[in-house]
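Below is one structure, written out as structure tokens; comments come after it.
The values are calculated or read from the model by the stated rules, or taken from the named source; none is laboratory data. Everything quoted here is computed from the prediction, not taken from an experiment. When we count neighbours, we look across all protein chains shown, and the Cβ atoms used for this are built from the backbone with ideal geometry, even at glycine.
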Amino acid sequence: MSAPGWSFGLPLLTKDLIEQAAHRRTYILRVVYAAVLYGAALWIYADISGGGSQAEVLSRGQGRQMFLTLVAVQLAAVIILLPAISSGAITSEKERDTLGLLLLTKLSPTTIILEKLISRMVTMGTYQLLSLPLFAVVYGLGGVELFEILAAIWYLAWWSLVIGAISIGCSAWHRTTAGAFISAYAIMPLVVCFAMSCQSVLSPAVAEIWRPSGEMSTMQYFVASLGTIVLLLAMSVPMLIVTWFVVAFAQMHLLQRAFVPPRNLLLEFFKGLDKFFEDLNNHTTSGILLVRDVDTGPMFDPIAWRETRKRSLGTVRYLFRLLIVLEVPLAIAISWTVTDHQSSSFDGPTTFFLCLLWPIAALAIVVHTTNVIFAERSRQTLDVLLVAPLTARELVTQKLAGVRRLIAVLSVPFLTLIIFQATWTLYVVRGLGSFSRGSDNAGVFVHEILGMTLAVLVYPRVVQWLSFHLALRVRNQTQAVLWSLVTIIGLCGVPYLVVYLVGVVFSIDPNDATLAWITWFSPIRVLFHRKIAQPSPWSGANINQVLQDHGFFGLTLNAVTWVGLWLFLRYRAMRDFSSSMGRAEPSGAE
Amino acid sequence: MLAVDVRDLRVKYGRLEAVKGITLEIPPGEVFGFIGPNGAGKSSTIRVLATLQPKFEGRARIMGLDIRSKPHLVREKIGYVPDFFGVYEDLTAREYLHFFAAAYRLPVSKRKGVVDDVLQLTDLTNKIDSPVDSLSRGMKQRLSLARVLLHDPAVLLLDEPASGLDPRARIEMRELLKALKEMGKTILISSHILHELAQLCTRIGIIEAGRMVTQGSVAEIYRELGVLKIVHVQVANQTPELIASLKGLAGITQVEDQADRISIRFEEGSIEVEDIHDFIHNQGARIRMFQPEVMDMETAFMKLTEGQTA
């Protein structure tokens, strides 16, 4: 009998690649990404060509703008897509109870981590390969050195590795994909800041080497190239350190945390706070309670009771704390704007806060809503709930009780911000406070109120029903969260994309009123319309012109579209709930 | 009126036909055991009856209510225990039962009494304020049974309730099911533990590859198959004469003198087990063990099925 001998193989990598290749979404995402990338390139090309001939365009050497846009799109794809692709790499094994089996094989934790990481890198690499023909076009257009293109590819590859490693590290640590996904996005900015600050020390040196100083001799070119390579390698060191540290962390915790039970860290944190405050109260007031927290138990709406009493983001006390966490920085941002007389309410910290709060709010609603379904599925409690004599409408309405509370809490900072902006615009920036006949302030005020209503009342509910709808249809929470976010981004961005594409095809200025009205379909236009329509309302103060052009029309268009979408999604979710869950509903047949 | 009335039931998952025309009639108060290998179609049939499989062909009724047209009324009549626990681990046993009492719309004034009753029945009273995740598997399964008893359903649909339980928990579960049987509940129970079903069920149905191979009382199935029943006996003062006299007893087919016991085989209906016991006792033997063989149910099962799935 011959000895088995040494053999090399990457079974986990092979399995993961086969699995990913078998998913339809892999190809859909790839096509969507290619469409975005090539759409962006087409847009830039149309912008720089300015209707000139091909020879003229080539002679101008204007490839830099397209180059920078492509790199930005690629980087955005790495930051947005890679955590989504990688966060489930190990948690999915935990959720399927297959990690234990993997650990029993001869695959070491390091091998498992690396094969998982490589499988995600390969997938991301296929996305980045799509841009190679465009980089060739960029080089052809001129204005970009070959080394810059190679440096960009090098740079993107490193960022992919760092972000992929962070996501795998989170996946090794967490029990659920949703937890890993959120942690990856939370940790990423910190690591990115660290790596970028390290790089910022080195990058001026690269710029110095390639500063144009007339024609370079062959020797100068060689030295500059060598210097750039050395500096690029040096710039990669912080990334290498981060990657090594995260992979080591993942490898260390893979076994330790392979069988940890699911934990609600936020709930544990809040319970810890409860204990702290209780101890504090006992020490300071000998335990005097002004309001006693009474739980009457599940009296009439049991599912709503559980969603609001037993989930971390559902209870009033915890939501109040969340509100404080959101309101305090907002109050600081408003104070800053008020004291800084050089800025309007639409510049500076408040707009930054709004830009930050919307994605956070959308993500919180999406995760919480999708979890409503997938928590029942993972606990295998869905069937016992479905056989209870409750109607589909009751089940859905009660299941979303906690999400409704979350939306109500998130509405408070939005309202604070929007009321501040409206007041500031009317009374301070415009210096007007009357609604007298002939004054357009009343119109502006109504405009603000309508926009505020849409933002607070309608958009969060569309996000809620959209993610609920998708949670009914897909197999796991990560997919539901991803599809929800992609759809929301799509709904916000498609009107702008349509405007620019139509503008490019028919040579119409995208800011022209014949096209610009289309952007009112997007919530971005409503939330930031003054910023978009009027870069400096402080100085120009011709917001009325914007309103006269298509302000009320635009808002009405937006309101009809989004309220319609809200009601449609709500109707479909109620109607399709039972069939999606496999629950029989009364039919006419006897 | 039949408690469970299934006619020519067919369930398809895409191209796979999991249930191929099953017919079942279970009168009220009967305990019907559903036996079959994995993938035979037991769970699919039970899910249809639990209103969790809306796409099916044929007719299915619970207490005269058609599942297709009145699933909301059927849900009031059934108690469904799936083949997994289905318990909220972030609740205590009390909260869990009150949760479902509210979901089944029990009057608020009656809930505490009902919850106490079902906890007592399932022997979980001392665990009332324990978090569900701290309960053992057996306790969780009993809690599931307590849940389905809250609204006092006429029909219990139990999908492998003893699956994964240790011997003690299985015995406790069996005793609990016996108590429910005495309360007059109609029970449809699927299981792989054949001898437990044989002891508990008034009738059994053997299903394979989506088809009902046979159904009837345990005795009828033995008779139909010509399967010999077996009794294992240990006596303190075993003699060759005892063996010889047993061989001569009318109705006995075979007597085997094994190292630690005597195995007596006989045809169903030819002699009663009690008569064999009396005969041995009358021979002056001191009986240390007298165990009617339950594993012959497995022989019947193996004889009837070929291990096929749908």
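Give the residue, chosen from B:158, B:165, B:188, that is touching a Gly at 6+ places or on another chain (Cβ under 6 Å), within 27 Å of residue B:221 (Cβ to Cβ) and either without any contact (Cβ under 8 Å) to a residue 24 or more places away in the chain or outside any helix (DSSP H, G or I) (or both).
B:165
Condition test on residue B:35, is it touching a helix residue (DSSP H, G or I) at 6+ places or on another chain (Cβ under 9 Å) and surrounded by 23 or more Cβ atoms within 10 Å (Cβ to Cβ)?
So residue B:35 passes the test.
Given the conditions (1) in a loop (DSSP other than H, G, I, E, B); (2) within 30 Å of residue A:388 (Cα to Cα); (3) at pLDDT 80 or above, report the number of the one that residue A:303 does not fulfil.
Single failed check for residue A:303: (1).
So for region B:115-130 (the condition being within 21 Å of the chain's Cα centre (by Cα) and either within 11 Å of chain A (Cβ to nearest Cβ) or of a type in the set (Lys, Arg) (or both)), does at least one residue qualify?
No; the residues of region B:115-130 include none that is within 21 Å of the chain's Cα centre (by Cα) and either within 11 Å of chain A (Cβ to nearest Cβ) or of a type in the set (Lys, Arg) (or both).
Among the residues of region A:52-97, which ones are outside any helix (DSSP H, G or I) and at pLDDT below 85?
A:52, A:53, A:61, A:62, A:96, A:97
Step by step: first the residues of region B:75-104, then only those that are over 20 Å from residue B:157 (Cβ atoms) and not hydrophobic (A, V, I, L, M, F, W, C), then the one that is farthest from the other protein chains (Cβ to nearest Cβ). Which residue is that?
It comes out as B:92.
Residue A:574 fails exactly one of the following numbered conditions: (1) at pLDDT below 80; (2) of a type in the set (A, V, I, L, M); (3) more than 26 Å from the chain's Cα centre (by Cα). What is the number of that condition?
(1)
Mind listing just one residue for me: the one in region B:142-155 that is among the small types (Gly, Ala, Ser) and either free of Cβ contacts under 8 Å to residues at least 60 places away in the same chain or touching a Lys or Arg at 6+ places or on another chain (Cβ under 7 Å) (or both) and, of those, nearest to the other protein chains (Cβ to nearest Cβ)?
B:146
So that you can scan it fast, the table gives a plain yes or no per residue for (1) surrounded by fewer than 17 Cβ atoms within 10 Å (Cβ to Cβ); (2) assigned by TED's automatic domain parsing to the domain that holds residue B:20; (3) at pLDDT 90 or above:
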| residue | (1), (2), (3) |
| --- | --- |
| B:250 | yes, no, no |
| B:255 | no, no, yes |
| B:265 | yes, no, no |
| B:273 | yes, no, no |
| B:277 | yes, no, yes |
| B:280 | no, no, yes |
| B:291 | yes, no, no |
| B:307 | yes, no, no |
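How many of the residues in region A:365-402 are among the acidic types (Asp, Glu), surrounded by 20 or more Cβ atoms within 10 Å (Cβ to Cβ) and more than 7 Å from chain B (Cβ to nearest Cβ)?
Count: 1.
I'd like the residue in region B:52-75 that is in contact with a Leu (Cβ under 7 Å, 6 or more places away or on another chain) and surrounded by fewer than 18 Cβ atoms within 10 Å (Cβ to Cβ) and, out of all such residues, is farthest from residue B:142 (Cα to Cα).
B:58
Mind telling me which of the residues B:89, B:30 ends up being surrounded by fewer than 18 Cβ atoms within 10 Å (Cβ to Cβ) and in contact (Cβ under 8 Å) with a residue 12 or more places away in the chain?
None of the other options fit; the residue is B:89.
Taking residue B:78 as meeting all but one of (1) without any contact (Cβ under 8 Å) to a residue 40 or more places away in the chain; (2) surrounded by 22 or more Cβ atoms within 10 Å (Cβ to Cβ), write down the number of the exception.
Checking residue B:78 against (1) without any contact (Cβ under 8 Å) to a residue 40 or more places away in the chain; (2) surrounded by 22 or more Cβ atoms within 10 Å (Cβ to Cβ), the one that fails is (1).
Within region A:251-264, can you find the residues that are surrounded by 12 or more Cβ atoms within 10 Å (Cβ to Cβ) and part of a helix (DSSP H, G or I)?
A:251, A:252, A:253, A:254, A:255
Taking the condition farther than 19 Å from residue B:204 by Cα and touching a strand residue (DSSP E or B) at 6+ places or on another chain (Cβ under 8 Å), does residue B:12 pass?
yes
Taking residue B:237 as meeting all but one of (1) outside the structural domain of residue B:286 (by TED's automatic domain parsing); (2) in a loop (DSSP other than H, G, I, E, B), write down the number of the exception.
That leaves (1) as the condition not met.
Given (1) among the basic types (Lys, Arg); (2) within 13 Å of residue B:159 (Cβ to Cβ); (3) within 13 Å of chain A (Cβ to nearest Cβ), identify the lone condition not met by residue B:42.
(3) is the only condition that residue B:42 fails.
What are the residues in region B:54-74 that are free of Cβ contacts under 8 Å to residues at least 60 places away in the same chain, more than 7 Å from every other protein chain (Cβ to nearest Cβ) and part of a loop (DSSP other than H, G, I, E, B), if any?
B:55, B:56 - these are the residues of region B:54-74 that are free of Cβ contacts under 8 Å to residues at least 60 places away in the same chain, more than 7 Å from every other protein chain (Cβ to nearest Cβ) and part of a loop (DSSP other than H, G, I, E, B).
Just checking, which of A:396, A:387, A:403 is in contact with a His (Cβ under 6 Å, 6 or more places away or on another chain) and in the same structural domain as residue A:326 (by TED's automatic domain parsing)?
Answer to the selection: A:403.
At pLDDT below 70, surrounded by fewer than 20 Cβ atoms within 10 Å (Cβ to Cβ), over 23 Å from the mean Cα position of the chain (by Cα) and in the same structural domain as residue A:386 (by TED's automatic domain parsing): is that true of residue A:537 in this structure?
Considered against the rule, which asks whether it is at pLDDT below 70, surrounded by fewer than 20 Cβ atoms within 10 Å (Cβ to Cβ), over 23 Å from the mean Cα position of the chain (by Cα) and in the same structural domain as residue A:386 (by TED's automatic domain parsing), residue A:537 comes out as no.
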